[in-house]
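For reference, the structure is listed below as structure tokens.
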Amino acid sequence: MIYTIAIMVAGIIVGRVVNKRHKGAVSIIVLVSVCLLLFIMGVRVAADKNIIANLSNIGVEALIIFITLILSTLLVVKYATKWIDAKGPKEGNNAR
């Protein structure tokens, strides 16, 4: 655990130093790192026979979770917007 935290802290320090000098290079390194991480995760998932065997079930569950999250987010935004609009700015209050 301490090893993981030490690597994160080292990355933060190196990132702050390097980012000030080479912003474009840092963006490219981050993009390549994320793509590499996604590729390795895909290889590990494909190597796990249990995941491959249950892929259809996992896909359906993921789709249900995704749809539920999207619909609930839309409902919250709709009602929060109505609530905020109903309050509106009060008279005499210089809202800027």
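Taken together, the values in this text are just the output of simple stated rules run on the coordinates, not laboratory data. Everything numeric here is computed off the predicted structure, so don't read it as measured data. Please note: Cβ atoms are built from the backbone with ideal geometry, for glycine as well, and neighbour counts cover all protein chains shown.
For TYR79, TYR3, what ranking results if the residue with the fewest other Cβ atoms within 10 Å of its Cβ goes first?
Lowest to highest Cβ neighbour count: TYR3, TYR79.
So what's the stretch 1-47 giving for Cα Rg divided by 2.2 N^0.38 Å, two decimals?
1.43
In vacuum, with every alpha carbon of the chain counted as one equal point scatterer, what does the Debye formula give for log10 I(q)/I(0) at q = 0.18 Å⁻¹? Two decimals, please.
Reported log10 I(q)/I(0), two decimals: -0.95.
Rounded to the nearest 500 deg cm²/dmol, what is the calculated helix-only ellipticity per residue at 222 nm for the chain, with -39500 (n - 2.57) per DSSP H run of length n ≥ 4?
-30000 deg cm²/dmol
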